Amino acid sequence: MKEVPVILFGVGGVGSALLRQIVNGRSPLTTRNQCQFNIIAITDSKTMLWNSDGLSDEQLLAAVDAKAQGLCVDPAHHAQIPTSRVRPSEAEIVQKVTDANLGPAIFVDVTAADGLEPVLMQALDQGHSVVLANKKPLAGPWQTAAPFYNHPRLRHESTVGGGQPVIATLRYLLDVNDKIHRIEGQLSGTLGFICGRLDEGILLSQAIAEAKAKGYTEPDPREDLGGKDVMRKVMILGRMAGWPLEAGDITVESLYTPDLANLSVPEFLKAACQLDAAMNQRVAAALGNGQVLRYVAELAEGRGTVGLKPIPASSPLANMKYISFRTGFYNDEPLLIGGKGAGVEMTAAGVLGDMIGLVRER
Ligand SMILES: NC(=O)c1ccc[n+]([C@@H]2O[C@H](COP(=O)([O-])OP(=O)(O)OC[C@H]3O[C@@H](n4cnc5c(N)ncnc54)[C@H](OP(=O)(O)O)[C@@H]3O)[C@@H](O)[C@H]2O)c1
C-alpha cells in the first residue's frame, strides 16, 4: 500500500470538508485505491500543525473544529488568533517536506491567497505534486501561469464547476484532438442564486443580503458581484483550450456600480438598494419577453464576455449551473455538463479526486 504525504494550505470551508472526507472515508479510500493519505502538515494563514509521521485523525478533526470556531489550526495558538504569522513561510514548508525525505508529496492549495505561484513551482520542481482549488495561480499573468498548464503533476478540477467534471472533460476533448470552438456556461452558484431570486420578484439588494446571510457569497459580496471569480474561470478554460488569454481579453459586467467600490461591506450592503431600480427594469424587460436574466460566461476564439444575459425562461439551462462545449465533434449539439451548484463538499470531493488521480498515475 502506498503512503502518500500530503500538505494542506488552507483550512477554511473547502479545506475542512476535505479533511472530513479523508478522515471519514479512510477505509473505502484505502481499499479501493490502495493508498493512504498521510497528512503531515496543515496550515492556515498564520499557523501550522506538523508531524512528519502524519497527523492523527483526532488532531485533524480538532483543527477543523477549531477553525469553525474562528481559532487557529495550531492548538498552541487556539486561545486567540495571532496577529502575525507564527509558522514558517510557504517556501520553508516546501523545503522542510523535501528535506524530510518522505518521497514525493502532494501539496494542496485550498486558500484564496495571492502570490503562491513561486512556492507551488518550487514544490513541482522538487518532484512533488500540486492540487489547486485556488484559481489565482492559474489566472494571473500568462507568463507566470503558463508553466502550470499541462504540467503532468498539477491538477485543478475544482477550479471550475466545483466538483462537476468540467476540467476532466475539457482535458479529454483536447487529448483526442477535438477543436474547441466555443465555451459557454453559468459558472457562479452565487450569482445563479441571486438571479433566481430576481425572477421571483426579490430586489437585487435583498437577494445580495440573503445570499450573504446564507454564506453563499465571499465575505465581501462584491468579489462575486464584480464577476472577477467567473472571469478567472473563463481564463482557466480558455488557456486550457489553447488561447493564452490575459484579463484584458475578457469583458466583464459588474453587478454593482463603481461608486460603491470603496465602501465598507456594511456600507455597501446598505447602499446596494441604489442598484434596485435599474435591475428591476432589466428583469421586467426580460420577463416581458418570456426570458430570465442569467450571469453567463461566453468564450470563443480567444475573447470572452461575462455578464447578465436574457435567456428563455423555458430553457432547462435557466435553472441549472451548466457549461457547454461546442467543438469539432460536438458542433451541431454542444457537449453539456450541468447540475447542482457547487458547495464546499463537492469542491472538496473534486480535490480528493485529483489527489487520487495523481497517486494512480504515479
Ligand atoms: N467555497 C466553494 O464552494 C468553492 C468552490 C470552488 C472553488 N473554491 C476555491 O477554493 C478556495 C478555498 O475556498 P474556501 O471557501 O474554503 O475559502 P475560505 O473559507 O476563505 O478558506 C481559506 C483558507 O485559506 C487560509 N489561508 C489564506 N492564506 C493562506 C496561506 N498563505 N497559507 C495557508 N493558508 C492560507 C485561510 O486561513 P485563515 O483562516 O487564517 O484566514 C483559510 O483557512 C478558494 O480559492 C475558492 O475560490 C471554493
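Key figures for this structure:
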quantity	calculated
Search result, residues across region 82-102 that are in a loop (DSSP other than H, G, I, E, B), surrounded by fewer than 16 Cβ atoms within 10 Å (Cβ to Cβ) and among the hydrophobic types (A, V, I, L, M, F, W, C)	Val86, Ala100
Condition check for Tyr256: crowded, with 18+ Cβ neighbours inside 10 Å, touching a Pro at 6+ places or on another chain (Cβ under 9 Å) and not basic (Lys, Arg)	yes
Residues (under 19 Å from Leu245 (Cβ atoms), over 22 Å from the mean Cα position of the chain (by Cα) and of a type in the set (D, E, K, R)) located in region 286-330	Glu301, Arg326
Count of region 64-81 residues which are open to solvent by less than 40 Å² (accessible area, probe 1.4 Å) and more than 27 Å from the chain's Cα centre (by Cα)	0
Wholly enclosed strands (runs of 3 or more DSSP E) of region 103-201 bearing at least 3 residues within 16 Å of the ligand (Cβ to nearest atom), of a type in the set (A, V, I, L, M, F, W, C) and open to solvent by less than 20 Å² (accessible area, probe 1.4 Å)	106-109, 129-132
Qualifying residue in region 36-58 (condition: under 19 Å from His128 (Cα atoms), hydroxyl-bearing (Ser, Thr, Tyr) and within 12 Å of the ligand (Cβ to nearest atom))	yes
Search result, residues across region 202-238 that are part of a helix (DSSP H, G or I) and open to solvent by less than 10 Å² (accessible area, probe 1.4 Å)	Leu204, Ala207, Ile208, Ala211, Leu225, Val230, Val234, Met235, Ile236, Leu237, Gly238
Any pair with Cβ under 9 angstrom, 6 or more apart, that starts in region 58-81 at a residue that is closer than 19 Å to Arg26 by Cα and ends at one that is open to solvent by 60 Å² or more (accessible area, probe 1.4 Å) and in a helix (DSSP H, G or I)	Gln59/Pro75; Leu60/Arg20; Leu61/Arg20; Ala62/Pro75; Ala63/Pro75; Val64/Arg20
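The values are calculated or read from the model by the stated rules, or taken from the named source; none is laboratory data. Quick caveat, the model's predicted, so the values are computed rather than measured. Positions of Cβ are backbone-derived with ideal geometry, glycine not excepted, and every protein chain shown enters the neighbour counts. Accessible surface is based on the protein model in full, side chains and every heavy atom, while ligands, DNA and RNA are left aside. Shrake-Rupley method; radii C 1.70, N 1.55, O 1.52, S 1.80 Å.
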